[in-house]
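The structure appears right after this line, and notes come after that.
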Amino acid sequence: MKNFILVAGATGDLGGRIVKSLISKGAEVHALVRFESDKAKITEIAALGVTIVEADHSNKEQLINACKGASCVVSALAGLRDVIIDTQVLLLEAAVAAGVPRFIPSDFSSDFTRLAEGENRNFDLRREFHTHLDKAAIKGTSILIGAFADILSYNTPFYNLKKQTVAYWGDDPNWNVDFTTKDNAAEFTAAAALDAETPGILRIASFQLSPLEMAAYAKDVKKTEFMLKPMGSLADFSAYNKRERAAHPEGENELYTSWQQSQYMHSMFSVQNAPLNNDRYPGINWTSAEEVISRI
Ligand SMILES: NC(=O)c1ccc[n+]([C@@H]2O[C@H](COP(=O)([O-])OP(=O)(O)OC[C@H]3O[C@@H](n4cnc5c(N)ncnc54)[C@H](OP(=O)(O)O)[C@@H]3O)[C@@H](O)[C@H]2O)c1
C-alpha cells in the first residue's frame, strides 16, 4: 500500500481544510473519525477521495491499526485534557507502536514554548503533551500560527468594529501580533506533513499586525477613526486573568471560556513568532491583513 497521511480531527474545521489541502497536493489521505462523528461530514470528506477509518479513540489496538502504514499522523483534535492529553497521547503511542516516523500535534497556537506556565490553560495542556512527545520514538513537529485571523471579525478588544477601538497591552503600540488564516495554516500543515525533514517547531503567520497598524488599516478600510486604547501592563493583565480563572471554576470544563479568551489575548501580546518559516514551502498564497479586514 502507498504511504498515507493519517489526519485525526478530520471532521473539524482545521482538520477538514488540512485534508482538502493534502488531497490537492496529490497525497493519499486517511481520515481518523469517531463512530459518533457527524455522518454528513464523513460523507463530505469521503467524497474527496479520502479513506475513512472509524475507530474508538480510547482503544489503542484500533488506533494502532489505523496508524499502520502512515508516514505522518496529523492531529487537528480540539478539546481539553481528555482530548489534548488522554486521546492525543494514546494516538501518539499508537503511532509509535505502528512505526509511524512523524507526528504533528494539534498545537496551532501562539508560541506556548516561550510562555510561562500558568498564563494560558490551553497552552499548558500543549506543553504537557510535549513532555510525552519529546520522549517518544517519533519525530514531532509543532506548527505555531499565532491567532486564527478569523478572530478579527469577533469584536475582540484588539479590533472592535462596533466600538471602533483597538486595544493593546504592554507599553508598545508597535508590538507585532501574529495572525494566520485557517486556509494558510492548513496548507502549510499539509506541506509539512509531506516533508520528511521538518524541524521540531515551525512558526508561521499570514501577517503580523501591530495595534498602530491595525488602527490605521481599520481607518483606511472602514473610513472612520479608530481609537487606540492602552490597557495597562502585561503583569496586571496576567494577574487579572488569574483572578478571573479562580472566580469562574466552571470555565475549567469549557474550551473557550471567557477567561481563556482573555488568556489568549495576553499570549498575543507576550510572545511573537520569530523567525518565520513562511518561505519553507513555495506557492502558498499568504493572505494579507488588508484582505482580511476588508472582508469583515
Ligand atoms: N490559534 C487559534 O486562534 C485557534 C483558534 C481555534 C482553534 N485552534 C486550534 O486548532 C485546532 C483545531 O481546532 P478546530 O477549530 O478545527 O476544532 P473543531 O472544528 O472543533 O474540530 C475538532 C475535531 O476534534 C474532534 N474531537 C473533539 N473531541 C474529540 C474526542 N473526545 N475524541 C476524538 N476526537 C474529538 C472532533 O471530532 P467529531 O467531529 O467527532 O466531534 C473534530 O474532528 C485545535 O488545536 C485548536 O485549539 C486555534
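Derivation of every value follows stated rules applied to the coordinates shown; laboratory data play no part. These numbers were taken from a predicted model, which means no experiment stands behind them. Virtual Cβ from ideal backbone geometry, glycine too; neighbours counted across all protein chains shown.
Structure values in brief
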| read-out | value |
| --- | --- |
| Sparse-neighbourhood loop sites, GluC sites (Glu not before Pro) in the range 126-208 - DSSP loop, at most 14 other Cβ within 10 angstrom | GLU197 |
| When each of LYS20/LYS68; LYS25/LYS222; LYS68/LYS135 is checked by Cα-Cα distance, pairs over 31 Å | LYS25/LYS222 |
| Where trypsin sites (Lys or Arg not before Pro) in DSSP loops with at most 10 other Cβ within 10 Å are excluded, longest remaining stretch of the chain | 3-161 |
| Taking N as its residue count, the alpha carbon Rg of the range 238-296 over 2.2 N^0.38 Å | 1.63 |
| Computed lengthening from MET227 to GLU252, 0.36 nm per intervening residue step minus Cα-Cα distance | 5.6 nm |
| For HIS30, HIS130, order by how many other beta-carbon atoms lie within 10 Å, fewest first | HIS130, HIS30 |
| FRET efficiency estimate (nearest 0.05) - Cβ-Cβ, ARG81 to PHE35, R0 25 angstrom | 0.70 |
| 222 nm mean residue ellipticity, helices alone, for the chain (DSSP H n ≥ 4; -39,500 (n - 2.57); rounded to 500) | -11000 deg cm²/dmol |
| Extended-chain gain in nm, criterion 0.36 nm per residue less alpha-carbon gap, GLN261 and ARG114 | 51.1 nm |
| Local electrostatic count, ASP111, Cβ distance below 10 Å [Lys/Arg +1, Asp/Glu -1] | 0 |
| Where labels lie 7 Å past Cα in the beta-carbon direction, separation of SER24 and LYS68 in nm | 3.4 |
| Range in the chain, longest, excluding exposed chymotrypsin sites (Phe, Trp or Tyr not before Pro) [loop by DSSP; at most 13 other beta-carbon atoms within 10 Å] | 36-153 |
| Spin-label zone in the range 104-129 - amide nitrogen under 19 Å from a point set 7 Å from the Cα of LYS242 along the C-beta vector | 114-125 |
| Under 5 Å, built H, 5+ apart or other chain: amide partners of LEU161 | ASN155 |
